[in-house]
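Trainee: Okay, here's the structure, questions in a sec.
The values are calculated or read from the model by the stated rules, or taken from the named source; none is laboratory data. Bear in mind that the values here come from a model prediction, so they are computed numbers and not experimental data. Cβ coordinates were reconstructed from backbone atoms using ideal geometry, including for glycine residues, and neighbour counts include every protein chain displayed.
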Amino acid sequence: MKRISKARLIAATPLIVLLAACGGEAGDAAEEAAPAGDAPPELEIRHDNFEAIGDSFKVIREQLETDAPDMAAIQTAAGDINTRLQRLPDLFPEGTSMEAGYDTEALASIWEDPDGFSEATQNAIALSEEMMAAAASGDPAAVGAQVGNIGLNGCKACHDKFRVDDD
């Protein structure tokens, strides 16, 4: 079994928080009503988009846990996250919430507070740009710090208000 240095473990801690905020499904988090009709294609697209964001964060985490992180792989993953976050505004058509009966974790608060949702989305995009800059710097510690920053102030901040609580 490969040992991880204490410094690498400390640097990876924000990644653990991030993956909890950005990945996974709620499972039995809530009873859902019958869907209002056929699910729009955006539901599957946005689900796949979030899964891919989680996969890119996993690449970053795995690289930061090594003794010699592949900064090119980290840069690619950070760029992918940014690109996918920029798609979010188009992936939430009105009426595609959990309350509308769809198999999703999106709460109606997205459409009840569109300015708040837009602000949260734009904040996550801006934080992902900071993460891309950290990746371009070649400094693994800076990347780890930015991953933690986007996890807490981007992903989690949005999920706290606009996604079903999966605790």
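Trainee: If I ask for residues that are in contact (Cβ under 8 Å) with a residue 24 or more places away in the chain and surrounded by 14 or more Cβ atoms within 10 Å (Cβ to Cβ), which ones from region 64-76 would you list?
Mentor: Scanning region 64-76 gives LEU64, GLU65, PRO69, MET71, ILE74, GLN75.
Trainee: Okay, moving on. If THR76 meets every condition in (1) modelled with pLDDT of 95 or more; (2) closer than 22 Å to ALA39 by Cβ apart from one, which number is that one?
Mentor: (2) is the only condition that THR76 fails.
Trainee: Given the conditions (1) in a helix (DSSP H, G or I); (2) under 19 Å from the mean Cα position of the chain (by Cα); (3) within 30 Å of ALA39 (Cβ to Cβ), and given that GLY148 satisfies all but one, which numbered condition is not satisfied?
Mentor: Status for GLY148: all satisfied but (3).
Trainee: Now a separate question. Given the criterion at pLDDT 95 or above, crowded, with 18+ Cβ neighbours inside 10 Å, within 19 Å of ASN49 (Cα to Cα) and among the polar types (S, T, N, Q), identify the matching residue among THR121, THR96, THR83.
Mentor: When all the criteria are applied, what remains is THR121.
Trainee: If you take just the helices (runs of 4 or more DSSP H) that sit entirely in region 35-127, which of them hold at least 3 residues that are under 19 Å from the mean Cα position of the chain (by Cα)? Lay out the reasoning, then the answer.
Mentor: Details: elements: 41-64, 71-87, 109-112.
Fully inside region 35-127 and qualifying: 41-64, 71-87.
Trainee: Can you name the residue in region 39-50 that is in contact (Cβ under 8 Å) with a residue 12 or more places away in the chain and over 20 Å from GLU129 (Cβ atoms) and, of all such residues, is surrounded by the most Cβ atoms within 10 Å (Cβ to Cβ)?
Mentor: That would be ARG46.
Trainee: Based on what the data block shows, is ILE10 surrounded by 14 or more Cβ atoms within 10 Å (Cβ to Cβ), of a type in the set (Val, Ile, Thr) and either assigned to a helix (DSSP H, G or I) or modelled with pLDDT under 95 (or both)? Write out each step before concluding.
Mentor: Numbers: surrounded by 14 or more Cβ atoms within 10 Å (Cβ to Cβ): no; of a type in the set (Val, Ile, Thr): yes; either assigned to a helix (DSSP H, G or I) or modelled with pLDDT under 95 (or both): yes.
Spelling it out, it is not the case that ILE10 is surrounded by 14 or more Cβ atoms within 10 Å (Cβ to Cβ), of a type in the set (Val, Ile, Thr) and either assigned to a helix (DSSP H, G or I) or modelled with pLDDT under 95 (or both).
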